[in-house]
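Worksheet: one structure, shown below.
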Amino acid sequence: MTTAADHYDRLLAEHYTWMLGGDIHAVASAQLELLRELGVRGDSDDAIAVDLGCGSGAQALALARLGFAPVIAVDTSAALLDELSERAAELDSGHVVRPVHDDIRSALPRVVEPGTAAAIVCMGDTLPHLPAEADVSDLVGDIARALRPGGQFVATYRDLTGELVGPDRFIPVRSSEDRILTCFLDYVDDSTVLVHDLLHVRSGDGWELAVSSYPKLRLHPEWLAEQCRAAGLDVRRDAPGPRGQRVLHVVQPA
């Protein structure tokens, strides 16, 4: 079965920023406002932030604008990291944002010392891309060890625990004059949904169709919040948020 990383390399990475609306700076501004609302901001010269699953950089750019430095941006897609580097250079934050080509499941112990990160984010529905719930639990443990006292972790993700049926399983993602992306959900079992992305791209007078599928975790909000509590983190917010995603905000006790 195709992994999420392979799915993005084969199909979505090239179109990722377009999927978000085409203007990464507008998306970064929206993420900045969410983080600011949660009280996430750089407050010192050594306010290290880590963006896990950074994509083309909306969260990393927001963290840089909030005063964090350095902002370590981790992703498995080299193409998206290259795009992030270009965006950061345009905003004169290339010296602040540090792209890292790595797997978020194992990157944290390599990119930050224990107890030093002021903020860690994993946003844009990245957590459900991990292969198994055990990977999510292990990552939460790494996050707890990486955060300094008072450090904050923010995740946004889609709650897929409620099963859609019939036509509701077809989700229009975005359409424009040259591209149409539609998603179809196939519920495999209580823990997994198979995501099928159908991308039509205009070619000359016609359209070309590319299709790829990958598994996604159905993370239950109560389960995820409990993983954070078990790791010693204080859950401050666990509620629905913007763009149909759930917001989880936790803090490392001082």
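Numerical summary
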| quantity | calculated |
| --- | --- |
| Residue in segment 31-38 that is open to solvent by 40 Å² or more (accessible area, probe 1.4 Å) and touching a residue at least 40 places away in the same chain (Cβ under 8 Å) present | no |
| Considering residues of segment 79-115 that are among the hydroxyl-bearing types (S, T, Y) and more than 20 Å from E14 (Cα to Cα) only, the residue farthest from the chain's Cα centre (by Cα) | S93 |
| Number of the condition not met by A119 [criteria: (1) within 17 Å of A60 (Cβ to Cβ); (2) part of a loop (DSSP other than H, G, I, E, B); (3) of a type outside the set (V, I, T)] | (2) |
| Every residue from segment 151-175 that is farther than 26 Å from G22 by Cα and open to solvent by 70 Å² or more (accessible area, probe 1.4 Å) | E163, V165, P167 |
| Selection count where residues are more than 26 Å from T182 (Cβ to Cβ) and not charged (D, E, K, R), scope segment 212-241 | 13 |
| Hits in segment 176-195 - residues which are touching a residue at least 40 places away in the same chain (Cβ under 8 Å) and either surrounded by fewer than 12 Cβ atoms within 10 Å (Cβ to Cβ) or out of contact with any Asp or Glu (no Cβ under 9 Å at 6 or more places or on another chain) (or both) | S176, R179 |
| Flag for L199 being touching a Phe, Trp or Tyr at 6+ places or on another chain (Cβ under 9 Å), aliphatic (A, V, I, L, M) and crowded, with 18+ Cβ neighbours inside 10 Å | no |
| Residue list for segment 14-26, filter: part of a helix (DSSP H, G or I), under 24 Å from V195 (Cβ atoms) and either open to solvent by 40 Å² or more (accessible area, probe 1.4 Å) or modelled with pLDDT under 95 (or both) | E14, I24 |
| Subset of segment 39-78 (residues that are assigned to a helix (DSSP H, G or I), surrounded by fewer than 24 Cβ atoms within 10 Å (Cβ to Cβ) and either without any contact (Cβ under 8 Å) to a residue 24 or more places away in the chain or within 16 Å of the chain's Cα centre (by Cα) (or both)) | A78 |
| Residue list for segment 131-150, filter: in a strand (DSSP E or B) and surrounded by 22 or more Cβ atoms within 10 Å (Cβ to Cβ) | L147 |
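The values are calculated or read from the model by the stated rules, or taken from the named source; none is laboratory data. What you see is a predicted model, and the numbers here were worked out from it, not measured in a lab. All Cβ positions, even for glycine, are placed from backbone atoms using ideal geometry, and neighbour counts span all protein chains on display. Note: areas computed on protein heavy atoms with side chains; ligands, DNA, RNA excluded. Shrake-Rupley method; radii C 1.70, N 1.55, O 1.52, S 1.80 Å.
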